[in-house]
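The values are calculated or read from the model by the stated rules, or taken from the named source; none is laboratory data. Fair warning: this is a prediction, and the values are worked out from it, not measured in the lab. Using ideal geometry, Cβ is built from the backbone for each residue, glycine included, and neighbour counts are taken over all protein chains shown.
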Amino acid sequence: MPLTVSEFDFDLPPELIAQAPLAERSASRLLHVGQDDLQDLGFKALPDLLSPGDLLIFNDSRVLHARLYGRKATGGEVEILIERPLGDHEALAMIRASKSPKPGTRITLMDAFEVEVLGRAGEFFHLRFPPGATVVDWIERYGRLPLPPYIDRAAAEADETRYQTVYAQALGSVAAPTAGLHFDEALLAQLRERGIETAAVTLHVGAGTFQPVRVEHIADHVMHTEWYIIPQDAVDAIARTRARGGRVVCVGTTSLRALESAARGGELQAGAAETDIFITPGFNFRVADALITNFHLPRSTLLMLVSAFAGQARILQAYGHAIANRYRFFSYGDAMLLEKAPT
């Protein structure tokens, strides 16, 4: 029987959706989802759950100030969320307005500069930015940090640091790779002291990550695309880890999606490409041995991914346990360490 989206549903009390980060990054809770048991721990216990010789793979993408506000020439208010830059002077974006803007529409943003709507690209709008600066320069200068739609407040000054990982470098995401938000410098130092290595890949998270699955049969879902980069250093680190018998532990579904995309040909390859990989139960994981991740939205592609990784029944059991024990959910919430289900 084909899988349906209703099989990945659960009831979440709204008060469990974390609206702000904890005072300390690594003070969050950690649910260890083993093959036979569930352990309620603190995130600071992570070094004890890993072994010397294991390798953590981080996503070093940095969140853009991708939310912009403006007005059309008619006076209508517009909200724009950049999906991704297209070269130096164009971008794809989601636009919220009373009427969908037509090609040729000009929009003044942040009372500072004007963009032109060139047309549509699926669910996104194709925009041209003015000369004199790059798209990234314009939005970093005038835009605002785009908190997820389930956080019902505007971004505050504290979010400027807390909605970025401490190791973020490559500008390009419109949402944080949130599993990495639990790591602080002290915890990274403890991991190094224990002999746990780290490497970085890049996957720029697009606005499509928040788009709901609108079909009942998940095989009919069209996955959004995202850009990833796998450095040769990361490929070499994974090879060394395999040679010594260590585990590859992905920090976040974005790191995992990047690696598994780059290994779809059978062997992990360095390079850069777009991916629309849709990981559902039955997927053959070639790289990841364990996964650190936050709790995901009901009926979402990421819930399907973790169900594929740890087992669908196991994940639903873990989520039920987390709800019963009042874990904090989503971007600013608590985390899980998932062991891969046996094949």
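Conditions tested, residue by residue: (1) assigned to a loop (DSSP other than H, G, I, E, B); (2) touching a Ser or Thr at 6+ places or on another chain (Cβ under 7 Å); (3) buried (at least 18 other Cβ atoms within 10 Å of the Cβ); (4) among the hydroxyl-bearing types (Ser, Thr, Tyr).
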| position | (1), (2), (3), (4) |
| --- | --- |
| VAL213 | yes, yes, yes, no |
| VAL222 | yes, no, no, no |
| CYS250 | no, no, yes, no |
| SER255 | no, no, yes, yes |
Of these, ALA170, ALA156, ALA199, which one is farther than 21 Å from ALA258 by Cα and surrounded by fewer than 22 Cβ atoms within 10 Å (Cβ to Cβ)? ALA156
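Please verify whether PRO149 is assigned to a loop (DSSP other than H, G, I, E, B), closer than 25 Å to ASP88 by Cα and not assigned by TED's automatic domain parsing to the domain that holds ALA20, treating the condition exactly as stated.
On the way: assigned to a loop (DSSP other than H, G, I, E, B): yes; closer than 25 Å to ASP88 by Cα: no; not assigned by TED's automatic domain parsing to the domain that holds ALA20: yes.
When the stated conditions are applied, PRO149 does not pass them.
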If you go through ARG314, ARG326, ARG286, the only one that is basic (Lys, Arg), out of contact with any Cys (no Cβ under 7 Å at 6 or more places or on another chain) and at positive phi is ARG326
Would you pick out the residues in segment 55-74 that are in a strand (DSSP E or B) and acidic (Asp, Glu)? none
Residues of segment 289-312 being touching a residue at least 60 places away in the same chain (Cβ under 8 Å) and not in a strand (DSSP E or B), which ones? LEU297, PRO298, ARG299, SER300, THR301, LEU302, LEU303, MET304, SER307, ALA310, GLN312
What number of residues within segment 63-78 satisfy the criterion of being farther than 27 Å from GLY180 by Cβ and either surrounded by 16 or more Cβ atoms within 10 Å (Cβ to Cβ) or at pLDDT 95 or above (or both)? 6
Within segment 95-131, residues at negative phi and acidic (Asp, Glu) come out as GLU114, GLU116, GLU123
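Evaluate the following for LEU305: is it assigned by TED's automatic domain parsing to the domain that holds THR165, under 15 Å from the mean Cα position of the chain (by Cα) and under 19 Å from ALA200 (Cα atoms)?
On the way: assigned by TED's automatic domain parsing to the domain that holds THR165: yes; under 15 Å from the mean Cα position of the chain (by Cα): yes; under 19 Å from ALA200 (Cα atoms): no.
No, not satisfied.
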Any pair with Cβ under 8 angstrom, 6 or more apart, that starts in segment 11-26 at a residue that is assigned by TED's automatic domain parsing to the domain that holds THR165 and within 14 Å of PHE295 (Cβ to Cβ) and ends at one that is among the polar types (S, T, N, Q) and part of a loop (DSSP other than H, G, I, E, B): ALA18/SER331
Selection from segment 241-260 of residues of a type in the set (Lys, Arg), over 19 Å from HIS296 (Cβ atoms) and in contact with a strand residue (DSSP E or B) (Cβ under 7 Å, 6 or more places away or on another chain) yields ARG247
Return the pair list, or none, for Cβ contacts closer than 6 Å from residues in segment 83-103 that are under 14 Å from LEU118 (Cα atoms) to residues that are surrounded by 11 or more Cβ atoms within 10 Å (Cβ to Cβ) and basic (Lys, Arg), at least 6 apart or on different chains. GLU90/ARG128; LEU92/ARG84
Looking at GLY333, GLY282, can you tell me which residue is of a type in the set (Gly, Ala, Ser), assigned by TED's automatic domain parsing to the domain that holds LEU46 and under 24 Å from THR165 (Cα atoms)? GLY333
